[in-house]
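Trainee: Here it is, the structure, as structure tokens.
What follows is calculated from the coordinates using simple rules that are stated; it is not laboratory data. Keep in mind that this is a model prediction, so the values were computed, not measured. As a convention, Cβ positions derive from the backbone with ideal geometry for all residues, glycine included, and neighbour counts pool all protein chains shown.
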Amino acid sequence: MENALDLVAQIGIAVLGVSSILLLAKKNKWGFVCGLLAQPFWFLTAFLNKQFGVLLLSVVYSLSFAYGVYEWFYKKDAKPLGRKQKVKK
């Protein structure tokens with residue numbers, strides 16, 4: 001059972017982690033969401049394999065992705081990624 005959970009976690013990390021990186025590289029705010037969705041899989045695989053350093057890093061990454069979600073989805077003056085504001089003359 002433990003091996004099956006680890007396999008599911010590894011697939012989740014691969015799919016969501018790569019999606020997150022690609023979306024953020026394209027300046028798409030949904031990359032933060034994919035990164036945040038990948039974190040439970042990181043927690044699971046780190047716990048199952050007793051990798052407590054990775055578990056601690058996962059907490060830091062989760063906070064970083066959550067901050068990105070807040071900045072781009074909830075903050076009042078959020079601007080689209082990579083777009084410059086036009087200056088009115």
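Trainee: Using a 7 Å offset from the Cα along the Cα-to-Cβ direction at both Lys26 and Leu7, what is the distance between the two label points in nm, to one decimal?
Mentor: Using points 7 Å along Cα→Cβ, the separation is 3.0 nm.
Trainee: Further, regarding this structure: Spelling out what I want: for every residue of the stretch 50-61, take phi, set θ = phi - 60°, compute 6.51 cos²θ - 1.76 cosθ + 1.60 (Karplus), and round to whole Hz; glycine and proline get x.
Mentor: 6, 9, 6, x, 5, 4, 5, 4, 4, 5, 5, 4
Trainee: So how strong a dipole does the chain carry about its Cα centre when Lys and Arg Cβ are +1 and Asp and Glu Cβ are -1, to the nearest 20 debye?
Mentor: That gives the chain a dipole magnitude of about 1100 debye.
Trainee: Could you give the length gained on full extension between Val15 and Asn49, defined as 0.36 nm per residue of separation minus the Cα-Cα distance, in nm?
Mentor: Once the chain is fully extended between Val15 and Asn49, it gains 10.3 nm.
Trainee: Taking the Cα centre of each part, how many Å lie between the stretch 8-24 and the stretch 47-75?
Mentor: Value for the Cα centre distance between the two parts: 14 Å.
Trainee: Return one quarter of the surface area of the convex hull spanned by the alpha-carbon atoms of the chain, equal to its mean projected area, in nm².
Mentor: In nm², the orientation-averaged hull projection of the chain is 6.5.
Trainee: Another question, then. Using the number of other C-beta atoms within 10 angstrom as an exposure proxy, rank Ser64, Ser19 with the fewest first.
Mentor: Ser64, Ser19
Trainee: Could you tell me which of the pairs Lys29/Lys50; Lys26/Lys76; Lys27/Lys76 are separated by over 28 angstrom between their Cα atoms in the structure shown? Numbers along the way, then the final one.
Mentor: Numbers: Lys29/Lys50 32 Å; Lys26/Lys76 23 Å; Lys27/Lys76 19 Å.
Over 28 Å Cα-Cα: Lys29/Lys50.
Trainee: Also: When the helices in the chain are scored as -39500 (n - 2.57) per DSSP H run of 4 or longer and the sum is shared across all residues, what 222 nm value do you end up with, to the nearest 500 deg cm²/dmol? Show your work: numbers first, answer last.
Mentor: On the way: 3 runs with 61 residues, N = 89.
So the helix-based figure for the chain works out to -23500 deg cm²/dmol.
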